[in-house]
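**Q** Before I ask anything, let me first share the structure, which is written out below as structure tokens.
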Amino acid sequence: MQIKQIIGKAVNIQLTQPLKVTFGEIQSVESLMIKITTDTGLIGYGEACPFEPVTGESIETEKVALTAVSKAITGENPLCIERVHSLMDSQTVGHTALKAGIDIALYDLMGKAANLPIYQLLGGSDNQIHTDITISIDEPRKMANEAVDYVSKGFSALKVKTGIDQQSDEEAIREILNAVGNKALVKIDANQGWNAKQTIRILNEFQNTQLQIVEQPLPYWQHEENKVIRSAIMQDLMLDESVHTPSDAYQVISNGEADIVNIKLMKSAGIFGAEGINKVAEAAGIRCMIGCMAETRLGICAAAHFAAAHQNVAFCDLDSFLMFKEPDWLSGGFTNEGGLLTLSDKPGLGMTINI
Ligand SMILES: [Mg+2]
């Protein structure tokens, strides 16, 4: 089998309500859908969802990188995933979301060629995962009401965005913890918005509560301070923006900076890189979470297959699709009931895509 053609199509997806995080307020999302056609007629689909504050990519840069990368891998066997990644890397460094889009399409093709859903292709046996749900920054009382609403809908893990204003961050955490009691695990994600002293003080205020994980409180490059935080708080420290590659994971873990690593396919250049990060972490006794940027159901489906296949991926933050008016050209892959995603057993991603 040979890769015959690679097409990237930009799509605009509206959110049902605006999402506010430290990077700003998001109303709609642009994503690049990837379609790889082979000489056998098999077609694979992927998604390259750019997010400039984290990987430096936009739809425009993705299109430029796609032209270069396509030249290098057209004619290659899509089943030779390591070779294809190596050829992509030889063309351009970084551009991990674009590479993730191609990677996902290749895993879709591999699954279709093997007649296996991706989670089975990766050696997994379980077709279900639980995702948390994100509460974006708002008035503390509104955030607490939202938390109660999600818990009543079946979600047992909440991810609370913080990091803009310290005082309202603390108020929001307190209100949410009081409102949901012991019905949900609470993680907070400061998206690099705090310093080490603030982090230690805030986390120590909420010791022995359902607030059990703090994600990336510090700027991605502040490695030594992560160690200081980790030794001063009871909660687990999860790193997100600090870890893009297996080698980043090796460095932060061997430096004693993390209890949990947040993998995102758009940072790791897809499932191939995610497998590497998870293996490094697992070997060091560190658990992983799989997160997302603002992928549609397609990118989320790929991440859910990866998570379902691996026991060491202990947490899932795969909720972006819940915030979209889902397009009619994209369906299937999994069903969702209160955050329990059940994957389809159709080959590859098991999705219906018309692009
Ligand atoms: Mg994060």
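**Q** Over the chain, calculate the relative contact order: mean separation of alpha carbon pairs under 8 Å at least 6 apart, over the residue count, as a percent.
**A** 19 percent
**Q** Go through 286-294, 174-182 and give me the packing order, highest mean Cβ count within 10 Å leading.
**A** Most protected by this proxy first, the peptides run 286-294, 174-182.
**Q** Calculate the dipole size of segment 29-144 relative to its Cα centre from +1 charges on Lys and Arg beta carbons and -1 charges on Asp and Glu beta carbons; express the result in debye to the nearest 20.
**A** In total the dipole reaches around 220 debye.
**Q** Mind checking the per residue accessible area of the chain for me, 1.4 Å probe, whole number of Å²?
**A** 40 Å²
**Q** Still on this structure, please answer the following. I need the peptides 84-90, 299-305 ranked by packing, meaning the mean over residues of other C-beta atoms within 10 angstrom, with the highest value on top.
**A** Peptide ranking by packing, descending: 299-305, 84-90.
**Q** With +1 on each Lys and Arg Cβ and -1 on each Asp and Glu Cβ, how big is the dipole of the chain about its Cα centre, in debye rounded to the nearest 20?
**A** Dipole of the chain, to the nearest 20 debye: 540 debye.
**Q** Something else about it: Can you list the residues, at least 5 places off or on another chain, whose amide H is less than 5 Å from the amide H of ALA157, using H built in the peptide plane?
**A** Placed amide hydrogens put ILE133, LEU185 under 5 Å from ALA157.
**Q** Something else: Given the DSSP H assignment, sum -39500 (n - 2.57) over each helix run of at least 4 residues in the chain and divide by its residue total; what's the result at 222 nm in deg cm²/dmol, nearest 500?
**A** Helix contribution divided over all residues of the chain: -12000 deg cm²/dmol.
**Q** What ³J(HN,Hα) values, in whole Hz, does the Karplus curve 6.51 cos²θ - 1.76 cosθ + 1.60 give for segment 185-201 when θ = phi - 60°, with x put for Gly and Pro?
**A** For segment 185-201, the Karplus curve yields 6, 10, 10, 10, 10, 8, 6, 6, x, 10, 10, 5, 5, 4, 4, 5, 4 Hz.
**Q** Also: What dipole magnitude, in Debye to the nearest 20, does segment 219-355 give about its Cα centre under +1 on Lys/Arg Cβ and -1 on Asp/Glu Cβ?
**A** Charge dipole, segment 219-355, about its Cα centre: 220 debye, nearest 20.
**Q** Sticking with this structure for a sec: How much of the accessible area of segment 120-353, probe 1.4 Å, is carbon plus sulfur, in whole percent?
**A** Whole-percent figure for carbon plus sulfur exposure: 47.
**Q** In sequence order, what are the phi-derived ³J(HN,Hα) couplings for segment 38-51 according to the Karplus relation 6.51 cos²θ - 1.76 cosθ + 1.60 with θ = phi - 60°, rounded to whole Hz, with x for glycine and proline?
**A** Working through the residues one at a time gives 10, 5, 8, x, 5, 10, x, 10, x, 9, 10, 9, x, 9 Hz.
The values are calculated or read from the model by the stated rules, or taken from the named source; none is laboratory data. Please read all numbers here as calculations on a predicted model, not as lab measurements. Neighbour counts run over all protein chains shown; Cβ positions are idealised from the backbone, glycine included. Only protein heavy atoms, including side chains, enter the accessible area calculation; ligands, DNA and RNA are left aside. Shrake-Rupley method; radii C 1.70, N 1.55, O 1.52, S 1.80 Å.
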